[in-house]
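The values are calculated or read from the model by the stated rules, or taken from the named source; none is laboratory data. Only a predicted model underlies this, so the values are computations on that prediction, with no experimental measurement involved. Note that each Cβ is placed from the backbone with ideal geometry, even for glycine, and that neighbours are counted across all protein chains shown.
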Amino acid sequence: MANSVSRRTLLIAGASTAAGLSLPGAAADASASTRVGFRLDAEVLDGGEQITSITIFTARLGRIDAAGLTTDTFRVHATATSPIALAPGDQVGYDLDRTVTAVRLDRRGNVVLELSHGEGQAGSNTLGYVVSRSRNVQLDLVYTVTQTAPIALRGGGSITISSFAQGRLSDPEVDAFSYHTSGSGMKYRLFTPGHDARGRRPLVVWLHGGGEGASLPDNYYDNETTLRANRGALGFATPQAQRIFSGAYVVAPQSTSFWLEDGPRFAPLILEIVSDLVRRHRIDRDRIYVTGASNGGYMSLKMTTTYPRLFAASVSICPVVAPRTPGGPPMITDAELRSIETPTWLVASRDDTTVPPEPNAVHAHDLIPGSLLTLYDHVVWNGHQFPGHWSWIYVARNDPSVGGTHIWQWMAHRRR
């Protein structure tokens, strides 16, 4: 099995440097011509990944006086462009100043610029949605840092940085997933649990939504958006989830298009990845779980109808079950739904206008023997209301519960 690394794992802006200003009283020492690199620090919020801060690698320049740093010491400008061609009407990317909300030194002595960010805030995201392709893409980011005042050193003296070089995009949660490609060419990301526990570990299979697939006509197959668009896969790799599952592998395959295009063709490709992981790692065959949202909600159900004895449990979030087009065949037939033997929990929101719950999640619940259903009125988390389709947020936060048992605990206690 070959490993692959995305061409955007490191976001290097080759020639993008920003010249520092010539500041009165600060350019007399050797440090006035210093070139310094910086890192883009990111975090996946419930609404997608955002750049939350910048770390400037100043530790080698001397002992900086933190008291002399203010939010006006540096300016930050960001531009983001699509990596694929856009059609008329597509609005992807941005070109704006980022607001510095705080400045501090990290424990190594590097300057950290905290940036304004939050759910729904434009200009901090790392992904853009290309409407004409129905795809999220990882944006090509160029950040320009400009120093506007000298940096005082403890014990006297100051520093003026002459130029700044953009380095990598760092997101510890995303970076914890390694890059792989199956023998059939399907890309996937894998989280490997720590080795502090004995015995075989469970495996959680996360199947992404339609927006996180590839766009092969554009030669776009990046193995990135599956983790950066939402916390669906990341949730199962958090310390909380790992404690509940006693250490679990988490795999996130990426479709070469979108699962709904041809579920029967994709099912054996996903099985190939699962089977290979079972051979190569200490995975408990009786504790393999499948979950996914929207397109992935459909695919999680399709996997249980195709391989009825493979999974210990299935969590299907806002799944597509009904026909994709009026008068067309259902994506999963009533007979298939009635045949599902895998313990199944469905999650959706009543205000989902993308995949209405009644003909989809509710209908599936009515037919799948013994299935559970959590149906929310709206998708609200931390005071922010999201589109009704985004009910995967609740699963990523272990919120659904029945009889006092939350969904992760329910999964972890299921055995094949």
The residue that is nearest to the chain's Cα centre (by Cα), considering only those in the stretch 302-324 that are part of a loop (DSSP other than H, G, I, E, B) and closer than 18 Å to TRP408 by Cα, is CYS318
Residues of the stretch 364-380 being crowded, with 17+ Cβ neighbours inside 10 Å and part of a strand (DSSP E or B), in sequence order, are LEU372, LEU373, THR374, LEU375, TYR376, VAL379
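Conditions (1) touching a helix residue (DSSP H, G or I) at 6+ places or on another chain (Cβ under 6 Å); (2) assigned to a strand (DSSP E or B); (3) within 18 Å of PRO268 (Cα to Cα); (4) not polar (S, T, N, Q), marked per residue:
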| position | (1), (2), (3), (4) |
| --- | --- |
| LEU169 | no, yes, no, yes |
| GLU173 | yes, no, no, yes |
| TYR179 | no, yes, no, yes |
| SER184 | yes, no, yes, no |
| TYR188 | yes, yes, yes, yes |
| ASP196 | no, no, no, yes |
| PRO202 | no, yes, no, yes |
| TRP206 | no, yes, yes, yes |
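So is GLY128 in a loop (DSSP other than H, G, I, E, B) and either surrounded by 14 or more Cβ atoms within 10 Å (Cβ to Cβ) or in contact (Cβ under 8 Å) with a residue 40 or more places away in the chain (or both) or not? Show your work before the answer.
Working: in a loop (DSSP other than H, G, I, E, B): no; either surrounded by 14 or more Cβ atoms within 10 Å (Cβ to Cβ) or in contact (Cβ under 8 Å) with a residue 40 or more places away in the chain (or both): yes.
Criteria not met by GLY128.
For the stretch 338-355, how many residues are of a type outside the set (S, T, N, Q), within 19 Å of GLY209 (Cα to Cα) and buried (at least 19 other Cβ atoms within 10 Å of the Cβ)? Show your work before the answer.
To start, the set of residues in the stretch 338-355 that are of a type outside the set (S, T, N, Q) comprises 338, 340-341, 343, 345-348, 350-352, 355.
Filter again for within 19 Å of GLY209 (Cα to Cα), leaving 345-348, 350-352, 355.
Checking which are buried (at least 19 other Cβ atoms within 10 Å of the Cβ) leaves us with 345-348, 352, 355.
Qualifying residue count, the stretch 338-355: 6.
Yes/no per residue for (1) among the polar types (S, T, N, Q); (2) in the same structural domain as MET303 (by TED's automatic domain parsing); (3) at pLDDT 95 or above; (4) over 20 Å from the mean Cα position of the chain (by Cα):
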site: PRO326; (1), (2), (3), (4): no, yes, no, yes
site: PRO330; (1), (2), (3), (4): no, yes, yes, yes
site: TRP345; (1), (2), (3), (4): no, yes, yes, yes
site: ILE368; (1), (2), (3), (4): no, yes, yes, yes
site: SER371; (1), (2), (3), (4): yes, yes, yes, yes
site: GLN385; (1), (2), (3), (4): yes, yes, yes, no
site: VAL395; (1), (2), (3), (4): no, yes, yes, no
Only unsatisfied item for TYR289, checking (1) under 23 Å from SER178 (Cα atoms); (2) touching a Lys or Arg at 6+ places or on another chain (Cβ under 6 Å), is (2)
- Is it fair to say GLN121 is in contact (Cβ under 8 Å) with a residue 60 or more places away in the chain, surrounded by fewer than 15 Cβ atoms within 10 Å (Cβ to Cβ), in the same structural domain as GLY47 (by TED's automatic domain parsing) and of a type outside the set (Ser, Thr, Tyr)? yes
| request: Answer yes if at least one residue in the stretch 95-118 is assigned to a loop (DSSP other than H, G, I, E, B) and of a type in the set (A, V, I, L, M), and no otherwise. | output: no
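Can you find a residue that is over 30 Å from LEU61 (Cα atoms) and either in contact with a helix residue (DSSP H, G or I) (Cβ under 9 Å, 6 or more places away or on another chain) or surrounded by fewer than 24 Cβ atoms within 10 Å (Cβ to Cβ) (or both) anywhere in the stretch 142-157?
Taking the stretch 142-157 first, the residues over 30 Å from LEU61 (Cα atoms) are none.
No - not one qualifying residue is present in the stretch 142-157.
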Residues in the stretch 208-248 that are under 21 Å from ILE270 (Cβ atoms), outside any loop (DSSP other than H, G, I, E, B) and either without any contact (Cβ under 8 Å) to a residue 12 or more places away in the chain or not aliphatic (A, V, I, L, M) (or both) total 10
Of the residues in the stretch 45-94 that are part of a loop (DSSP other than H, G, I, E, B), touching a Phe, Trp or Tyr at 6+ places or on another chain (Cβ under 8 Å) and not hydrophobic (A, V, I, L, M, F, W, C), the one that is nearest to TYR394 (Cα to Cα) is ASP46
For the stretch 131-143, pairs from a residue that is on the phi > 0 side of the Ramachandran plot to a residue that is among the aromatic types (Phe, Trp, Tyr) and not in a strand (DSSP E or B), with Cβ under 8 Å and 6 or more apart or across chains, are SER134/PHE258
